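Report on one structure; see the data block that follows.
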Amino acid sequence: MRRPTPLITALTACLLLAACGSERAGTQDGGPGAAGPPPRTQVTDPGIDGVRVIAVTIPSPSPSPSRSFSVTADSLPTDSGVFAAYEVVNHGTEAMTYTVLFDFTTSAGEVMSNKRETVRAVGPGRTVRGTVRLGVPAPGASPVTQVKVSEVTKVPADEAPAEAGECPASGIRVTADEGDAAMGLRVVGLHLENCGKRDYSVNGYPLLELLDEDREPVEGVRILQGSGDITTAAGPDEAPRPVTLKPGESATAGLVWRNTTGFGTAVDVPYVRIRAKAGADPVTVTPRLDLGTTGKLGVRPWKRAEG
């Protein structure tokens, strides 16, 4: 006598057939339900200093779900899908490293976010292309419809601060932080790391050159040793003393100024060329010192980094 087919077997077959039908109707087979790539819009923009956005990709808004669902960590958005293609053209005669600030804006021009990209060692006459992504938008942010170049700084490639994890041939890495501002007082930290294999010694103050937009010397600013003539809010001046850094150790110094504006022409310093000591290789950083009309910049000496 033939046995009846178990119910579980028939149910399994139905589920498999349903699953196969769903796959054919999905986006993987390129059928009518397939989602195309997000729209890419070409951009005609002169840009800034050889850097321009050439195309922007903004996904179409997702349709509202037809039924309720539970929100879990896995279902939260991780990326907006908004990104821009850009190009950097070096019209100069030496290799340059570019730092570019991109603004992600609404149709009304309101900035929802910005991203900073570094494009290293662009040779003279060369063009380098890349992409910059918005990533996860801030909670409550309005839809982004445009991406534009907001600011460009560029320094000779052999004077650019080394990337994290890379050690220059000199064996030292010099960088500047984002700084701090309060009640008109500005402080930017300078950081010296011995990433080489030998001890490195400094004694005194970092050596500075203040440069304008064309990287020419800025006139009319006195560089003071210490910050006592500028403010007492940054704490008492420390006397310079010898510091020897073993491999892996660091030292810090600082730039201190007030951006008070009075009579005269305000001074803006986009570039600072730094030597850790006399004879050291120069490194050019871009803290943008808005010195106002004070005409003074205080420099604090190197000291061993805490921790």
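The values are calculated or read from the model by the stated rules, or taken from the named source; none is laboratory data. Remember, predicted model here, so these are calculated numbers, not experimental data. Note: ideal-geometry Cβ built from the backbone for every residue, glycine included; neighbour counts use all protein chains shown. The protein model used for the area step is the full one, side chains on, heavy atoms only, and it has no ligands, DNA or RNA in it. Shrake-Rupley method; radii C 1.70, N 1.55, O 1.52, S 1.80 Å.
Within a Cβ distance under 10 Å of Asp45, other residues only, what is the Lys/Arg minus Asp/Glu net charge?
Numbers: positive: Arg52, Lys148; negative: none.
Its environment carries a net charge of +2.
The protection proxy used here, the mean number of other Cβ atoms lying within 10 Å of each residue, ranks peptides 279-285, 121-127 as follows, highest first: 279-285, 121-127. Net charge dipole, the stretch 157-307: roughly 620 debye, given to the nearest 20, about the Cα centre with Cβ charges of +1 for Lys and Arg and -1 for Asp and Glu.
Taking trypsin sites (Lys or Arg not before Pro) across the stretch 218-304, the ones in a DSSP loop with at most 16 further Cβ atoms lying within 10 angstrom of their Cβ are Lys277, Arg288. On the stretch 128-182, 48 percent of the accessible area sits on carbon and sulfur atoms, based on a 1.4 Å probe. Using all pairs of distinct alpha-carbon atoms, the Kirkwood hydrodynamic radius of the stretch 111-206 works out to 17.5 angstrom.
Calculate log10 I(q)/I(0) of the stretch 154-235 for q = 0.13, 0.24 Å⁻¹, where I(q) comes from the Debye formula with a single equal point scatterer on each Cα and nothing for solvent. At q = 0.13, 0.24 Å⁻¹ the computed log10 ratios are -0.59, -1.36. For Val269, the amide hydrogen comes within under 5 Å of the amide hydrogens of Leu289, Asp290, Leu291, counting only partners 5 or more places away or on other chains and with H modelled in the peptide plane.
At a probe radius of 1.4 angstrom, the accessible area of the stretch 116-220 per residue rounds to 58 square angstrom.
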